[in-house]
Amino acid sequence: MVEVSMNFDIFLFWYWLIVVWVLLVLSIIFFIIALIKKSRKLMGMSVALMLPHILLLLLTFQEIEPVLVYLFIAWFALQILMFIHLYKHRDTAKKS
C-alpha cells in the first residue's frame with residue numbers, strides 16, 4: 001500500500017510540474033487572444049483548459065498553498081465571466 005501511495009505522489013509531482021503549468025500558460029494565451037479577437041470559441045477553450053486545474057484543486061486542496069488555490073479560482077471565475085460577457089455581446093450585436 002505504501003508503494004501505491006508513493007507512486008501516486010510521484011504522479012502528482014510530475015502532473016503539477018509539467019502538465020498543469022503548460023495548460024495554465026495555454027489557457028492564458030487563449031484568454032488574451034480571445035479578448036483581442038472577441039472570440040467565444042477561444043474563450044471557451046481557455047475555460048476548458050482550466051478545468052483540470054480546478055478539478056485537481058478540489059482533490060488536493062490541503063497540499064497546495066492557499067494563495068495559489070485562490071488565484072486559480074479567481075482566474076477561472078474571471079474566464080467564465082468574460083465568456084458570458086462575450087456570449088451576451090455577440091447575441092446583442094447580431095440582433096441590431
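Of note:
- Remark: region 6-20, residue by residue, has Karplus-estimated 3J(HN,Hα) of 5, 5, 5, 5, 5, 4, 4, 4, 5, 4, 5, 5, 9, 5, 5 Hz, where x stands for each Gly or Pro and the curve is 6.51 cos²θ - 1.76 cosθ + 1.60 at θ = phi - 60°.
- Averaged over residues, the count of other Cβ atoms within 10 Å places the peptides 14-22, 31-39 in the sequence 31-39, 14-22, highest first.
- 3J(HN,Hα) along region 23-39: 5, 5, 5, 4, 4, 5, 4, 4, 4, 5, 5, 5, 5, 5, 8, 6, 9 Hz, from the Karplus curve 6.51 cos²θ - 1.76 cosθ + 1.60 with θ = phi - 60°, whole Hz, x for Gly and Pro.
- Where Rh is the Kirkwood radius over Cα pairs, Rg/Rh for region 23-95: 1.06
- Sequence-separation-based contact order of region 23-95, relative, with Cα cut under 8 Å and 6+ spacing, percent: 32
Bear in mind that the values in this text are calculations on the coordinates, not laboratory data. None of these values were measured; they are calculated from a predicted model. Methodologically, a virtual Cβ is constructed for each residue, glycine included, from the backbone with ideal geometry; neighbour enumeration extends over all protein chains shown.
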